[in-house]
Amino acid sequence: MSQEERRLEVSEAAWRVIVREGLDRTSMRAIAQEMGCTTGVVTHYFRNKHELILFALHQVTEKLQVFMEKGTQSVSGFERLVAMLSAFLPLDVERQDILRVWLAFLGYAVGRENLMTEHQHSAARLRALVVQELQQLQAAQLLRKDIDPTIEANALLAFVNGLSLDWLIQADCLTAEQQQWAIRQYVSDRLAKKPI
């Protein structure tokens, strides 16, 4: 097994601990116990919890980007945008875990400037993909001319993040189908030159 594969294995164990116990209770020892190995094995690949948490955040970004790319492979126009935004929704177990890890990291990053900066960089990377998609829709004359793609990308991601958080904290939350319907309605009513 390569070093990178082993780092991913450690990161996946960290994800399981974070999802189950939260970031505050995630320790190098807890991760080692999850893997059935010694703490020394974990620290061989990650010097400390801070380094491991940053790697886990980068994995969140990578996984979300893969979901965005997969969702847009066979669709065009506004359906591509809806598919991209749906990547952020907790529509299955994997994306539910991504949401929990992302939220745990965000809470842990508050008051830790370097971690918050990393969080902002990761968010900016994903936001840039949404901005690019909106620009392409505008170039194809599908998006209203008065829409600013950068401002709208921020609004869309805030909307999607709100839907995701609602799923996490509400006892009677929107179903997966209702979440996707809400995105489609927003896109159709707010952005499209004519309803989609």
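The values are calculated or read from the model by the stated rules, or taken from the named source; none is laboratory data. On a predicted model such as this, the values are computed, not experimentally measured, just so you know. Note that each Cβ is placed from the backbone with ideal geometry, even for glycine, and that neighbours are counted across all protein chains shown.
For the reader, a short list of remarks on this structure follows.
- Filtered residue count, the range 115-159, keeping only those that are of a type in the set (Asp, Glu), more than 30 Å from residue 55 (Cβ to Cβ) and modelled with pLDDT under 95: 1
Every residue, every condition in (1) at pLDDT 90 or above; (2) more than 19 Å from residue 122 (Cβ to Cβ); (3) in contact with a Gly (Cβ under 6 Å, 6 or more places away or on another chain), yes or no:
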| site | (1), (2), (3) |
| --- | --- |
| 24 | no, yes, no |
| 30 | yes, yes, no |
| 51 | no, no, no |
| 55 | no, no, no |
| 59 | no, no, no |
| 69 | yes, no, no |
| 74 | yes, yes, no |
| 85 | yes, no, no |
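- Search result, residues across the range 1-46 that are outside any loop (DSSP other than H, G, I, E, B) and small (Gly, Ala, Ser): 11, 13, 14, 30, 32, 40
- Scanning the range 148-172 for residues that are surrounded by fewer than 16 Cβ atoms within 10 Å (Cβ to Cβ) and either more than 21 Å from residue 123 (Cα to Cα) or in contact with a Phe, Trp or Tyr (Cβ under 7 Å, 6 or more places away or on another chain) (or both) yields 169, 170, 171, 172.
- Restricting attention to the range 119-165, the residues that are in a helix (DSSP H, G or I) and either at positive phi or hydroxyl-bearing (Ser, Thr, Tyr) (or both) add up to 3.
- When residues in the range 68-94 are screened for being of a type in the set (A, V, I, L, M) and free of Cβ contacts under 8 Å to residues at least 12 places away in the same chain, 2 of them pass.
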